[in-house]
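Chemist: What follows is a structure written as structure tokens; I'll ask about it next.
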Amino acid sequence: MARTVRCGIDFRPCAPTFTGFRTTTRFRQPFSAMPSIISISGVTKTYATGFQALKEINLDIQRGEIFALLGPNGAGKTTLISIVCGIVNRSSGTVTVDGNDITKDYRAARSLIGLVPQELTIDAFESVWATVNFSRGLFGKPANPAFVEKVLRDLSLWDKKDAKAITLSGGMKRRLMIAKALSHEPRVLFLDEPTAGVDVELRQDMWEMVRRLREDGVTIILTTHYIEEAEAMADRVGVINRGEIILVDDKAELMRKLGRKRLLVELRSPLATVPEKLSRYALELSPDGQQLTYTYDNQSDRPGVASLLRDLEAAGIHFRDMDTENSSLEEIFVNLLRQEP
Ligand SMILES: Nc1ncnc2c1ncn2[C@@H]1O[C@H](COP(=O)(O)OP(=O)(O)OP(=O)(O)O)[C@@H](O)[C@H]1O
Ligand SMILES: [Mg+2]
């Protein structure tokens with residue numbers, strides 16, 4: 001049965017496929033060795049209402065990476081993306097895209113960027129084909145029907161090429177937004193909640209498409225409330241909260257540093273209570289008394305698994321089986337935000 005998991009605080013429910021605990025190991029070249037493609041330095045934003053949405057943002061996006069920007073509703077994700085894309089004016093600070101200042105070299109900077117905004121912005125009565133070709137033309141790119149066809153095929157929109165946008169389903173409209181954003185062959189793609197309202201199968205297709213784009217050398221910055229999306233896709237993760245970046249780290253490193261491990265011990269015979277002499281392990285006993293859970297992390301000074309197993313033996317507690325689990329990015333993320341004042 002699919003399960004809905006809440007991400008905590010003011011987050012929407014996660015995708016129903018999420019399983020909570022998962023181990024991810026993938027080796028990649030360290031991005032720090034590559035020059036950054038986007039450089040955000042000292043950026044602040046105070047809206048006309050007087051609300052300060054961004055406070056001193058410093059962030060470098062490395063060439064060719066998939067960077068996930070996570071944060072609760074209202075954290076400032078869309079504001080930051082909109083500033084880099086030149087849609088919202090910053091109050092202070094500088095931003096460069098491949099060395100082009102977004103104010104002084106606006107055209108050069110903008111032409112390198114594709115943006116899939118959070119809100120759908122398509123002409124309802126235009127066909128899919130015209131929408132994407134028009135968008136390409138806006139960037140001054142010569143017509144290239146073969147390229148546009150490839151984009152539409154990659155996004156499974158080819159059979160809808162003559163359909164008016166208004167006749168598309170919500171998920172198709174979102175894919176059309178992506179096709180539009182890719183129409184001028186950008187080197188950097190911003191996806192502001194690309195999979196909101198998209199079904200599970202289509203979400204997997206989108207992840208696949210994003211990975212292919214990355215293989216073609218496109219840098220991807222995505223925001224998402226589906227934490228497992230960041231876990232599955234991102235090379236690095238940034239967390240923004242109340243207009244401040246509170247953490248940027250390599251995803252695997254983040255999970256290694258902040259992740260917890262659990263050892264699940266299935267007992268031969270049920271226990272009524274955990275013996276006093278095992279109290280230092282803070283074991284959790286399942287309601288049926290059949291399973292002990294030991295939670296430990298890489299930084300804690302809790303004793304190791306080997307000593308637990310010795311002490312179980314000494315206490316005459318025999319087990320049938322055991323298993324370990326790593327905590328998910330979601331757990332790490334929720335804990336991080338809880339620690340915020
Ligand atoms: N035009 C505006 N005028 C005044 N305040 C604004 C404006 N646009 C955004 N804000 C405020 O700035 C803050 C950050 O908004 P932003 O849209 O960047 O958040 P977000 O992280 O993208 O949130 P979500 O996850 O809900 O998309 C919010 O408090 C929002 O109300
Ligand atoms: Mg937003």
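Chemist: So which of L152, L191 ends up being of a type outside the set (G, A, S) and either touching a Pro at 6+ places or on another chain (Cβ under 6 Å) or within 16 Å of ligand 2 (Cβ to nearest atom) (or both)?
Modeler: L191
Chemist: Could you say which residue among P194, P186 is within 13 Å of ligand 1 (Cβ to nearest atom) and closer than 23 Å to K150 by Cβ?
Modeler: That would be P194, the only listed residue that is within 13 Å of ligand 1 (Cβ to nearest atom) and closer than 23 Å to K150 by Cβ.
Chemist: Now, a different point. Within the stretch 62-76, how many residues are at pLDDT 95 or above and either near ligand 1 (Cβ under 8 Å from one of its atoms) or more than 18 Å from I37 (Cβ to Cβ) (or both)?
Modeler: 1
Chemist: Being within 16 Å of ligand 2 (Cβ to nearest atom), over 17 Å from the mean Cα position of the chain (by Cα) and in the same structural domain as V84 (by TED's automatic domain parsing): is that true of G238 here?
Modeler: Taking the combined requirement at face value, the residue does not satisfy it.
Chemist: Something else: Of everything in the stretch 158-183, what is within 16 Å of ligand 1 (Cβ to nearest atom) and modelled with pLDDT under 90? Give them in sequence order.
Modeler: Residue satisfying the conditions is R174 alone.
Chemist: Is one or more of the residues making up the stretch 121-134 within 16 Å of ligand 1 (Cβ to nearest atom) and either at pLDDT 95 or above or assigned to a loop (DSSP other than H, G, I, E, B) (or both)?
Modeler: yes
Chemist: Looking only at residues in the stretch 186-202 that are modelled with pLDDT under 95 and either part of a loop (DSSP other than H, G, I, E, B) or small (G, A, S) (or both), which one is farthest from G114 (Cα to Cα)?
Modeler: Once the filter is applied, the top-ranked residue is D199.
Chemist: If you don't mind, another one. What residue, among those in the stretch 33-75 that are among the acidic types (D, E) and in a strand (DSSP E or B), is nearest to the chain's Cα centre (by Cα)?
Modeler: D60
Chemist: Which one of these does R260 not meet: (1) modelled with pLDDT of 90 or more; (2) touching an Asp or Glu at 6+ places or on another chain (Cβ under 7 Å)?
Modeler: Every condition holds for R260 apart from (1).
Chemist: Name the residues in the stretch 85-112 that are in a helix (DSSP H, G or I) and touching a Lys or Arg at 6+ places or on another chain (Cβ under 9 Å), would you?
Modeler: S111, the sole residue that qualifies.
Chemist: List pairs: first in the stretch 74-96 and within 16 Å of E56 (Cβ to Cβ) and assigned by TED's automatic domain parsing to the domain that holds E244, second away from ligand 2 (no atom under 16 Å from the Cβ) and of a type in the set (K, R), Cβ under 7 Å, 6+ apart or cross-chain?
Modeler: Note: pairs meeting the criteria are I83/R90.
Chemist: If we scan the stretch 10-23, do we find a residue that is within 16 Å of ligand 1 (Cβ to nearest atom), under 27 Å from V218 (Cβ atoms) and at pLDDT 95 or above?
Modeler: no
Chemist: Something else: Going through the stretch 99-132 one residue at a time, which ones are surrounded by fewer than 19 Cβ atoms within 10 Å (Cβ to Cβ), over 18 Å from V151 (Cβ atoms) and more than 16 Å from ligand 2 (Cβ to nearest atom)?
Modeler: G99, N100, D101, T103, K104, D105, Y106, R107, A108, A124, F125, listed by residue number.
A quick yes/no check of all residues on (1) surrounded by fewer than 17 Cβ atoms within 10 Å (Cβ to Cβ); (2) free of Cβ contacts under 8 Å to residues at least 40 places away in the same chain:
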{"residue": "D159", "(1), (2)": "yes, yes"}
{"residue": "D162", "(1), (2)": "yes, yes"}
{"residue": "T167", "(1), (2)": "yes, yes"}
{"residue": "M172", "(1), (2)": "no, yes"}
{"residue": "V200", "(1), (2)": "yes, no"}
{"residue": "R212", "(1), (2)": "yes, no"}
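Chemist: Look through the stretch 65-86, keep the residues that are over 16 Å from N100 (Cα atoms) and small (G, A, S), and return whichever of them is farthest from ligand 2 (Cβ to nearest atom).
Modeler: Looking at the filtered set, the residue picked out is A68.
Chemist: Please note which helices (runs of 4 or more DSSP H) are completely contained in the stretch 222-324 and include at least 3 residues that are touching a strand residue (DSSP E or B) at 6+ places or on another chain (Cβ under 8 Å) and crowded, with 19+ Cβ neighbours inside 10 Å.
Modeler: 227-233, 251-258
Chemist: Here is a follow-up. Does the stretch 75-91 contain any residue that is farther than 28 Å from G171 by Cβ and hydroxyl-bearing (S, T, Y)?
Modeler: Looking through the stretch 75-91, at least one residue is farther than 28 Å from G171 by Cβ and hydroxyl-bearing (S, T, Y).
The values are calculated or read from the model by the stated rules, or taken from the named source; none is laboratory data. Predicted, not measured: the structure shown is a model, and the values here were computed from it. Note that we place each Cβ from the backbone using ideal geometry, even for glycine, and neighbour counts take in every protein chain shown.
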